[in-house]
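The values are calculated or read from the model by the stated rules, or taken from the named source; none is laboratory data. Keep in mind the model is a prediction, meaning the values are calculated, not measured. Counting neighbours? That spans all protein chains shown, and the Cβs are built from the backbone with ideal geometry, glycine included. Note: accessible area is taken over every heavy atom of the protein model, side chains too, but ligands, DNA and RNA are not part of it. Shrake-Rupley method; radii C 1.70, N 1.55, O 1.52, S 1.80 Å.
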Amino acid sequence: MLRDVRRLAILFASSTVAACGGGSPPPPVVTPPSTPVTVTGTERIGWDQPAGDAVELATFAYAIYVDGTRTAATGVACTPTAAATAFPCTAALPPLTPGAHSLQVASFVNDGGLLESTRSAALQVTLVATTNSDTARMNEESRATGSRRTEPPPAGRQEERRVELVADGLVDPADLAFAPDGRLFVAEKAGNVVVLDAAARTREHVVDGSSELLAIAIDPEFERTHFVFTIYTEADRGHASRFMLARFREAAGTLADRAVLLDRVPAAAPARAALRFGADGRLYAAFDGGGADGGVDPAAFSGKVLRLNADGTTPKDSRTLSPVIAMDVAAPVGLAWPRGARDAWVVDRPSGGSAQLRETGEGQHAYRLPDGFTPSSLAAAEDELLIGSTESATLLRVRFDAATLQPTATAAVAVANIDGIRALAVAADGATYVATATSVWRMR
């Protein structure tokens with residue numbers, strides 16, 4: 001039920017990088033495999049792009065030549081950390097007709113005129129038709145490391161789970177988060193945080209009526225700090241929507257002492273964001289690609305996943321001076337880690353495209369979700385990730401291999417007697433909680 005959006009080549013440049021200095025940029029580095037690659041058209045083409053630094057890298061655009069015919073590259077994403085002397089980049093495959101094709105990549109800048117690099121070495125591909133697309137999956141493996149393509153993982157039969165009501169009377173829940181003391185924090189889009197426990201319920205208004213509350217996360221050191229983190233939107237003077245990342249201090253179910261950690265990050269309409277703490281104690285925030293750069297400018301935070309300290313600063317152990325760990329994120333709806341994983345996984349829901357489960361960090365694997373599945377949320381349960389859907393009361397269970405930390409099998413879970421799932425959370429005892437438009441339920 002997942003299929004890998006496979007990089008066709010992952011290659012490492014060995015030449016010395018020189019800034020383009022007003023001339024043509026350095027050419028992309030592609031080392032084709034010895035035999036043609038069979039593709040279905042859903043894969044991504046990969047290359048290593050020499051550049052002096054991430055700032056220079058952001059000035060480059062790319063073209064893909066199909067049998068000598070130039071087309072602009074779309075969906076370009078470059079890792080902001082250089083591997084050796086170049087930055088790993090990928091782009092969507094251009095439209096191809098069935099049969100054999102030769103692909104080349106070129107970089108260019110527009111400095112009062114088009115300045116384009118020489119073309120890369122040619123990558124030979126053969127496009128074939130696909131069948132049973134909802135269950136097919138290609139597992140990306142780097143040819144540079146001598147690994148191989150694996151068979152699709154088995155798609156499990158549909159399960160059914162029943163639920164019991166935890167709380168009703170909620171208004172459009174956007175996210176759920178458990179505190180270490182067992183209380184459940186519910187973020188309502190209208191700007192309220194509802195705190196649920198066995199004895200009482202409180203509702204605290206934290207942002208004004210023109211804002212949308214999108215995500216909530218609880219400090220792992222909550223018993224000491226009582227910090228609660230949120231992402232919400234505010235309108236600027238021009239009425240454009242901007243993301244705000246803020247920290248509050250909780251006391252007896254009320255939230256006060258707001259501290260804004262990030263602000264004025266351009267948001268799309270509708271806005272999408274995700275927020276979670278990782279096992280490393282860092283705060284991970286994902287923002288949609290509402291900025292003019294579409295998520296590819298390393299200096300902007302729109303369309304990115306960030307790794308931050310709890311005070312909003314960049315951790316000293318970051319791979320670069322930037323908190324950005326993933327780029328070209330269109331509409332994130334959740335962040336989570338399967339057991340043992342260092343890097344976060346994000347569910348991305350681009351407009352007009354297929355939703356994906358993407359790995360952040362150095363791996364950057366991406367798996368296409370089944371056609372017609374509209375994801376709303378993501379949560380981790382042991383060695384599985386659970387993905388909720390707004391269109392139906394269905395969860396997608398994605399099981400991960402303990403050694404490779406990559407998906408190996410999927411199964412659909414029908415949740416009885418509820419509407420579409422808005423948010424997910426897993427309690428300390430392993431129970432899964434789901435939020436619908438007006439209620440929170442516990443799965444049994």
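One table, with the values for the structure above:
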| quantity | calculated |
| --- | --- |
| Heavy-atom accessible area per residue - the stretch 177-324, 1.4 Å, Å² | 44 |
| Residue 359 accessible area, assembled protein chains, probe 1.4 Å, Å² | 20 |
| Percent of C-alpha pairs per 10 Å bin, the stretch 242-318, short to long | 18, 46, 30, 6, 0 |
| Per residue value of the accessible surface for the stretch 343-407 (all protein chains in place, 1.4 Å probe), Å² | 33 |
| Quarter of the Cα convex hull surface for the stretch 360-401, i.e. its orientation-mean projected area (nm²) | 3.5 |
| Amide H partners (placed H, <5 Å) of residue 174, local residues excluded | 187, 188, 189 |
| Residues with amide H under 5 Å from that of residue 207, placed H, sequence gap 5 or more | none |
| Net charge of neighbours whose Cβ lies under 11 Å from the Cβ of residue 189, counting Lys and Arg as +1 and Asp and Glu as -1 | -3 |
| Heavy-atom accessible area order for 277, 222, largest first, 1.4 Å probe | 277, 222 |
| Global form of the stretch 166-227, assessed from the alpha-carbon gyration tensor, a/c cut-off 1.5 | oblate |
| Gyration tensor (alpha-carbon) shape descriptor, the stretch 332-376, a/c threshold 1.5 | prolate |
| Principal axis box of the stretch 326-430, alpha-carbon based, largest edge first, Å | 39, 37, 22 |
| Cut-off 10 Å between beta-carbons: net charge of the residues surrounding residue 250, Lys and Arg +1, Asp and Glu -1 | -1 |
| Other-chain or far-sequence residues with amide H under 5 Å of residue 389's (modelled H) | 376, 394, 421 |
| Dipole moment magnitude, nearest 20 debye, the stretch 249-390 about Cα centre, only Lys, Arg, Asp, Glu C-beta charged | 180 |
